[in-house]
Amino acid sequence: MTFQRARSEEQREIRRRAILDTAAAMLDEMPVAEVSLNELSRRVGLAKSNVLRYFESREAVLLELLDDFLGSWLAELADELAAGIDAHAAPEVRAGRLAEILSRSLAGRVVLCDLFGAQGGVLEHNVSVEVVKRHKRSSLTRLATMTELVRRHVPELGDGAQPFCLMSLVSAGALSSYVPPPPSLLAAYADEPALGALHLELRDALRISFTSTLLGVLPRV
C-alpha cells in the first residue's frame, strides 16, 4: 500500500483508517506486545514519521482500536443478550445466563481481551494527557452502554451493575494473558497430568469469574 500526501480532511481520514485497519490485521496475526510501530509503518506503506502525524505513538493507535472493538462488541452483545435471556426467568437464572453469554462472547474475541489486558500497564503509557482524556471519556460511555444492557436483563443488580461490568472487562484482560498456555506449560501438563487442574479454558475461567461476581452483587432475598 502506498500513499501520496494527504491534502484534504477526507484524505487524512482515509489515511487514519488505513493505519487502524492495518494494525487490526496485525492483531489477527500476533499479540498486542508484538505490534511495533516500525512494522505497522512498513505494512501501511508510510514512513514512521508520517504515521506519527496521525497517531502520536503505537499505544495511541491501539487505544483507538480498543475503543472501536469495544463498541462493535457491545452492539453484538445487545443482540446476544436479547436472544439468550428469558425476561420471565428467576433472577438467579437470568444472572447465570448473563455469565454464560458474556463468557462465551468475550472468549470468542481474544484480540479484544488482549487489548483489555494491555490497557492499564502498557497502552495508557507513552500517550499524551489529551489522548488519555479522550480515551477515558469514550471508555466511560462504553461502560455506561454495557451497564444499561446488563441492567435491562438483570435489573435486580441495581447499582451493582456498573462495578460488575467494569470488573468483567478487567477480568477478561487478566485471564486472557494465560491463553494459550506456552509450550513449556503444555509439556508440563503432558508429563504430569495432575498439574492440568490448574489450567482452564478462557471461556470457563470467565464464566466462573462472572458467576462469582454476580453472586456477590445480587441482592439477598
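If you take the residues in region 148-176 that are farther than 30 Å from His199 by Cα and of a type outside the set (Asp, Glu), which one is most open to solvent (accessible area, probe 1.4 Å)? Give the steps one after another, and end with the answer.
At the first step, the residues of region 148-176 found to be farther than 30 Å from His199 by Cα are 148-149, 151-159.
Now restrict to residues that are of a type outside the set (Asp, Glu): 149, 151-155, 157-158.
Details: Leu149: 7, Arg151: 92, Arg152: 133, His153: 29, Val154: 0, Pro155: 77, Leu157: 7, Gly158: 26 Å².
My answer is Arg152.
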task = For Leu102, indicate whether it is of a type outside the set (S, T, N, Q) and open to solvent by less than 30 Å² (accessible area, probe 1.4 Å).
result = yes
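Mind telling me which of the residues Glu192, Glu201, Glu156 ends up being free of Cβ contacts under 8 Å to residues at least 40 places away in the same chain and of a type in the set (D, E, K, R)? Break it down into steps so the answer makes sense when it comes.
Details: Glu201 fails: free of Cβ contacts under 8 Å to residues at least 40 places away in the same chain; Glu156 fails: free of Cβ contacts under 8 Å to residues at least 40 places away in the same chain.
When all the criteria are applied, what remains is Glu192.
Any residue in region 202-213 that is out of contact with any helix residue (DSSP H, G or I) (no Cβ under 8 Å at 6 or more places or on another chain), buried (at least 16 other Cβ atoms within 10 Å of the Cβ) and closer than 23 Å to Leu74 by Cβ? I'd like the intermediate steps shown before the answer.
In the first step, residues of region 202-213 are kept if they are out of contact with any helix residue (DSSP H, G or I) (no Cβ under 8 Å at 6 or more places or on another chain); the result is 208, 212.
Filter once more, keeping what is buried (at least 16 other Cβ atoms within 10 Å of the Cβ): none.
Within region 202-213, not a single residue is out of contact with any helix residue (DSSP H, G or I) (no Cβ under 8 Å at 6 or more places or on another chain), buried (at least 16 other Cβ atoms within 10 Å of the Cβ) and closer than 23 Å to Leu74 by Cβ.
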key: Options Ala75, Ala87, Ala24: the member that is small (Gly, Ala, Ser) and touching a His at 6+ places or on another chain (Cβ under 8 Å)   = Ala87
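Restricting attention to region 86-99, and to residues there that are assigned to a loop (DSSP other than H, G, I, E, B) and of a type in the set (A, V, I, L, M, F, W, C), which single residue is most open to solvent (accessible area, probe 1.4 Å)?
Per the criteria, the residue is Ala87.
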inquiry  = Please count how many residues of region 87-132 are in contact (Cβ under 8 Å) with a residue 60 or more places away in the chain and of a type in the set (S, T, N, Q).
reply    = 3
request  = Can you tell me which residue among Ser209, Ser184 is at pLDDT 90 or above and closer than 20 Å to Ser105 by Cβ?
outcome  = Ser209
inquiry  = Tally up the residues in region 187-200 that are surrounded by fewer than 13 Cβ atoms within 10 Å (Cβ to Cβ) and under 22 Å from Ala107 (Cβ atoms), please.
reply    = 2
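The values are calculated or read from the model by the stated rules, or taken from the named source; none is laboratory data. For clarity, every value in this text was computed on a predicted model and none was experimentally measured. Counting neighbours? That spans all protein chains shown, and the Cβs are built from the backbone with ideal geometry, glycine included. Heavy atoms of the whole protein, side chains included, go into the accessibility calculation; ligands, DNA and RNA do not. Shrake-Rupley method; radii C 1.70, N 1.55, O 1.52, S 1.80 Å.
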